[in-house]
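The values are calculated or read from the model by the stated rules, or taken from the named source; none is laboratory data. From a predicted model like this one, the values you see are computed outputs, not experimental measurements. Glycine gets a Cβ as well: all are built from the backbone with ideal geometry, and neighbour counts include every protein chain shown. In case anyone asks, the SASA skips ligands and DNA or RNA and just uses the protein heavy atoms, side chains included. Shrake-Rupley method; radii C 1.70, N 1.55, O 1.52, S 1.80 Å.
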Amino acid sequence: MSEDKEEIREATQSELFEYNLDRFLEELSALNDTLPIQLFLLDFKHKQLIEKLEKISTQEEGENEEGEKYTSYKVSSDNIEEFPKIHKHLNRSEIAKKIIPRNFIVSIISQYDAFLGDLMRALYEINPNIIRSSEKEINAEDLFTYETIDELKNHIIDKEVDTLLREGHYEQLLILEKKISIVSDNKFTLTTNLPVLSSFIELTQRRNLFVHTNGSSTKQYLQISKKWKFKTECDSVNQELIANPEYCQKAYSILYEMSVKLTHVLWRKFVPQERKDADEHLNQIIYDLLIDNKYELAIEFANFFTDVIKKFSSEQFRKFVVVNKAIAYKMLNKEKECKQVIKSEDWSIGNEFKLAKLILEDNFIEAKELMMKIGNNDEVVNKKAYENWPLFEKFRLTEEFKSAYLDLFKEEFTLEEIQEKNKEEKELEPAEK
């Protein structure tokens, strides 16, 4: 009995962008989710060691000549051998608390480099003319080393990517700009009107110092900080750069923003005929950020969608992005900004947008009435949307929603039921339309 072979197809041009970005964002988020767990376990171990130390010693509080307070421990002769062991492990845990966040910064930059390399490969696949714009010469030996043109092409691409990744992170963007400008016969920019760029450069410079100087500031770092006017805790050489949890969270947001914006600008530049796919993907990213409670990033990408990209595959897509931006402001308790978003739009077209406006204004009585009017078989505002879309988070707690849900779907709505659903089911019913 023969097994059916799974059909293998080539990825579409849009999928080349989509798969690469999705993979990187998952890798980035995985590292970001893991860091607090590592630090929590270190803190737990540190507390256990302190408790052991307190059991075998007596404490005395003191103050040195500089006025700094300290705690000293006196250990009885019976426990004298145990004290240095505990002290050694305490010292190691302190070192680990400093090194692990640094390694996080190094790791996420490494994943970004891999993302950028694959993004370049996607561009070469979509538009081979970018390879032809290279100023490198092909050695005659290479022509006879590879059996097929595809093998030679892949070799050239690998060399191009390797050369790019050896450059500084800002220089990489400039090289990309130059290559694309040559191919398109007009000036193309990736670095203009990009507010996050200064923070991105600081992050990559800090990563370099973690790797090469154990985190000590250098003259070059300080010169770059003046040029790009980014904030740093160092004002002289040989000062130690930090990587505390707050900085690590900021680094995560910086790379998230850089990778999404870079991908979607290039996606629309090189595959304009598949704008709908790009719109769906960016809107999905915004929706997923709402689900993950990352509201500031959701707002950033919504503004990027409406203020920078500006061209949309449909007005409905633009409208859903605006709704999701208003939701993010609502979740942050920024009522003024939420109202400004509502005021700036025409909500008269489409029941889904009329319903969104009522809920964002906390007008739950009229929202219930419209919910009943929409019914239980709407393509956009359906059962899954009511259960999953963050728009309905506050509305779900009301009696108006619960009674309407019962009337429409002949079952009671329970929050427990929703919370137990598989978290991997993040389909965006309303916002994908």
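Checked against the criterion of being out of contact with any strand residue (DSSP E or B) (no Cβ under 8 Å at 6 or more places or on another chain), under 18 Å from Asp22 (Cα atoms) and open to solvent by 40 Å² or more (accessible area, probe 1.4 Å), region 255-274 has at least one qualifying residue. Could you give me the residue pairs with C-beta distances under 8 Å whose first residue belongs to region 89-111 and is within 18 Å of Thr34 (Cα to Cα), whose second residue is of a type in the set (Asp, Glu) and buried (at least 17 other Cβ atoms within 10 Å of the Cβ) wherever it lies, and which are 6+ apart or on separate chains? Qualifying pairs under 8 Å: Gln111/Glu27.
Only one entry in Glu10, Glu27, Glu15 is open to solvent by 80 Å² or more (accessible area, probe 1.4 Å) and not hydroxyl-bearing (Ser, Thr, Tyr), namely Glu10.
All told, Thr204 falls short of being more than 19 Å from the chain's Cα centre (by Cα) and among the hydroxyl-bearing types (Ser, Thr, Tyr).
In region 37-48, of all residues being aliphatic (A, V, I, L, M) and either more than 36 Å from the chain's Cα centre (by Cα) or open to solvent by 90 Å² or more (accessible area, probe 1.4 Å) (or both), the one that is farthest from Lys97 (Cα to Cα) corresponds to Ile37.
Only one of the listed residues (Asn64, Asn20, Asn79) is in contact with an Asp or Glu (Cβ under 7 Å, 6 or more places away or on another chain), open to solvent by less than 100 Å² (accessible area, probe 1.4 Å) and among the polar types (S, T, N, Q). That residue is Asn20. Contact annotation: residue pairs with Cβ atoms under 8 Å, 6 or more positions apart or on different chains, pairing a residue in region 47-70 that is of a type in the set (Ser, Thr, Tyr) with a partner that is assigned to a helix (DSSP H, G or I) and open to solvent by 40 Å² or more (accessible area, probe 1.4 Å), are Ser57/Asn79; Ser57/Phe83. Taken together, the residues in region 54-106 that are touching a Gly at 6+ places or on another chain (Cβ under 6 Å) and of a type in the set (A, V, I, L, M, F, W, C) amount to 0.
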